[in-house]
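Take a look at the structure below.
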């Protein structure tokens, strides 16, 4: 058995996962000259549903040396803090699923705690209904 170093990697399938994997491998193993190839089908077109990500993608972009603000300008992207689900399970039900902690603390308290307090106290304008999109000042 030989212990030859890996010189090339082939990734089967493109899309976001394939190309992100290729980019990370190429970046991390550039010092040893790793060759990375992505094989994707010409028969499978671009679906074009749009891509979303979670906050940890910032760390991924940093590892690749990508300037986040420049990247977003180039791709005409935007920041997304979460997803709102409407009528999930029953009509009228609204749930906002945040992607991790977001917003700066207000006097040491995270913003979602203020939202929860407003909602608990029945302030539908700022804490109820569709939620965090309308979060105002301190309760």
By residue number, the members of segment 51-66 that are within 12 Å of the chain's Cα centre (by Cα) and either at positive phi or at pLDDT below 75 (or both) are 51, 52, 53, 54, 55
Might you check whether a residue that is in contact (Cβ under 8 Å) with a residue 40 or more places away in the chain, under 30 Å from residue 113 (Cα atoms) and surrounded by 10 or more Cβ atoms within 10 Å (Cβ to Cβ) occurs anywhere in segment 59-75?
-> yes
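The values are calculated or read from the model by the stated rules, or taken from the named source; none is laboratory data. Treat the numbers as computed from the prediction; the structure is a model and nothing was measured. Every residue, glycine among them, receives a Cβ derived from its backbone with ideal geometry; neighbour counts consider all protein chains shown.
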